[in-house]
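The values are calculated or read from the model by the stated rules, or taken from the named source; none is laboratory data. Remember, it's a predicted structure, so these values are computed and weren't measured experimentally. Here the Cβ positions follow ideal geometry from the backbone for every residue, glycine too, while neighbour counts run over all protein chains shown. Calculation scope for accessible area: heavy atoms of the full protein, side chains included, ligands and nucleic acids excluded. Shrake-Rupley method; radii C 1.70, N 1.55, O 1.52, S 1.80 Å.
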Amino acid sequence: MSGHVLRIEGLRAKVADREILQGVDLEVQGGQVHAVMGPNGSGKSTLSHVLMGHPGYEVLAGSVTLDGVDLLTLPTWKRLQAGLFLAMQYPIEVPGVSLEDVMTESFVAAGRVNEPVRELVAAEARRIGFDERFLSRPMNVDLSGGEKKRNETLQLGVLKPRFAVLDEIDSGLDVDALRAVARRIEAATNEDGLGVLAITHYNRLLHELKPDVIHVLSKGRIVATGGPDLATELERTGYAAYGGPDDQTESRPLAQNPFAPDPFADPLA
Ligand code: ADP
Ligand code: MG
């Protein structure tokens with residue numbers, strides 16, 4: 001463990017006039033992996049947006065600190081400087097700006113002016129199997145879902161945050177990409193003491209990215225916390241025991257239905 005700590009206490013937040021997070025408490029130590037699982041609409045992405053300071057999500061109560069630094073009063077870029085990183089569920093395309101541009105500016109902002117940013121980026125690209133031709137092209141434009149997630153992971157590897165929130169980093173990944181991404185992040189927890197808050201529906205991510213603690217989020221609250229076995233149990237039983245689906249009014253495509261079988265599950269497991 002690195003001695004770093006991300007602490008979320010009594011966090012309540014609303015979006016579009018609806019209170020979504022209704023008092024979330026979580027504490028992640030450096031080097032640990034905490035998984036947050038829960039039905040669609042339970043507030044998982046809202047939690048990630050609130051942690052990173054997305055405009056439009058209003059904090060009503062509670063606190064978020066990283067090594068004692070109050071993150072909620074900081075603009076997003078300062079939260080990153082303080083050591084928090086978000087891998088987005090839907091990475092955005094940025095026409096006209098390349099990944100190398102973004103990393104170069106990030107290094108300047110972080111005072112890492114003497115480091116060879118291009119070499120570091122290229123080395124990370126090789127490490128996770130990200131095509132180096134994409135590095136100088138507009139960020140995420142025309143990339144597949146899996147390439148976008150490798151891109152997010154590459155940024156994580158180069159920026160070396162203290163804590164990373166991964167919002168469904170496994171969605172849209174084929175088996176090879178999933179393994180590469182999960183292994184890279186697991187390595188960061190061991191090599192750099194990275195602390196991880198991994199939002200996911202599927203246990204398969206957690207086969208490579210070894211969780212220490214599993215939380216179930218339902219209706220904006222953490223309703224259960226346990227060890228890795230809890231993820232296995234959820235895969236079998238769904239969330240029925242924890243309040244069931246939160247979005248019954250909405251029909252969702254099959255791939256997003258938390259009660260549908262994992263399309264990537266190992267049939268022999
Ligand atoms: P999850 O990631 O667990 O599936 P979300 O955090 O995305 O859930 O959404 C939780 C609830 O908040 C849902 O009912 C969703 O419709 C609502 N919500 C989230 N973001 C917005 C937004 N920007 N505008 C309006 N409603 C939102
Ligand atoms: Mg989500």
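Outside any strand (DSSP E or B), on the phi > 0 side of the Ramachandran plot, open to solvent by less than 40 Å² (accessible area, probe 1.4 Å) and more than 8 Å from ligand 1 (Cβ to nearest atom): which single residue out of Gly23, Gly31 fits that description? Show your work before the answer.
Values: Gly23 fails: outside any strand (DSSP E or B).
When all the criteria are applied, what remains is Gly31.
If the requirement is being open to solvent by less than 10 Å² (accessible area, probe 1.4 Å), within 16 Å of ligand 1 (Cβ to nearest atom) and within 17 Å of the chain's Cα centre (by Cα), which of these qualifies: Val158, Val165, Val181?
Working: Val158 fails: within 16 Å of ligand 1 (Cβ to nearest atom); Val181 fails: within 16 Å of ligand 1 (Cβ to nearest atom).
Every option except Val165 fails the conditions.
Among the residues of the range 71-85, is there at least one that is of a type in the set (Lys, Arg), at pLDDT 95 or above and either loosely packed, with under 14 Cβ neighbours inside 10 Å or within 24 Å of Asn151 (Cβ to Cβ) (or both)? Explain how you work it out, then say what you get.
First, the residues of the range 71-85 that are of a type in the set (Lys, Arg): 78-79.
Right, trim to at pLDDT 95 or above and you get 79.
After this cut, where a residue has to be either loosely packed, with under 14 Cβ neighbours inside 10 Å or within 24 Å of Asn151 (Cβ to Cβ) (or both) as well, the list is 79.
Within the range 71-85, one or more residues are of a type in the set (Lys, Arg), at pLDDT 95 or above and either loosely packed, with under 14 Cβ neighbours inside 10 Å or within 24 Å of Asn151 (Cβ to Cβ) (or both).
Looking at Ser42, is it within 16 Å of Ala198 (Cα to Cα), within 14 Å of ligand 1 (Cβ to nearest atom) and part of a loop (DSSP other than H, G, I, E, B)?
When the stated conditions are applied, Ser42 passes them.
Restricting to the range 45-67, and then to whatever is open to solvent by less than 10 Å² (accessible area, probe 1.4 Å) and within 23 Å of Tyr242 (Cβ to Cβ), can you tell me which residue is farthest from ligand 1 (Cβ to nearest atom)?
Filtering first and then ranking leaves Leu51.
Tally up the residues in the range 18-57 that are within 16 Å of ligand 2 (Cβ to nearest atom), of a type in the set (Gly, Ala, Ser) and over 17 Å from the mean Cα position of the chain (by Cα), please. Explain how you work it out, then say what you get.
The first filter runs over the range 18-57 and keeps only residues within 16 Å of ligand 2 (Cβ to nearest atom), leaving 18, 20-21, 24, 35-52, 54, 56-57.
So of that shortlist, the ones also of a type in the set (Gly, Ala, Ser) come out as 35, 38, 41-43, 45, 48, 56.
Add one more test, that the residue is over 17 Å from the mean Cα position of the chain (by Cα), and what stays is 56.
Number of matching residues: 1.
Being open to solvent by less than 50 Å² (accessible area, probe 1.4 Å), of a type in the set (A, V, I, L, M, F, W, C) and farther than 30 Å from Asn203 by Cβ narrows it down to one of Ala109, Ala122, so name that one.
Details: Ala109 fails: open to solvent by less than 50 Å² (accessible area, probe 1.4 Å).
On inspection, the qualifying residue turns out to be Ala122.
So the check is Cβ under 7 Å with 6+ separation or different chains; which pairs have a first residue in the range 25-42 that's without any contact (Cβ under 8 Å) to a residue 40 or more places away in the chain and a second one that's open to solvent by 10 Å² or more (accessible area, probe 1.4 Å)?
Close Cβ pairs satisfying both conditions: Glu27/Val5; Glu27/Arg7.
What is the one condition in (1) within 16 Å of ligand 2 (Cβ to nearest atom); (2) surrounded by fewer than 17 Cβ atoms within 10 Å (Cβ to Cβ); (3) of a type outside the set (Gly, Ala, Ser); (4) within 28 Å of Gly243 (Cβ to Cβ) that Ile92 does not satisfy?
Every listed condition holds for Ile92 apart from (4).
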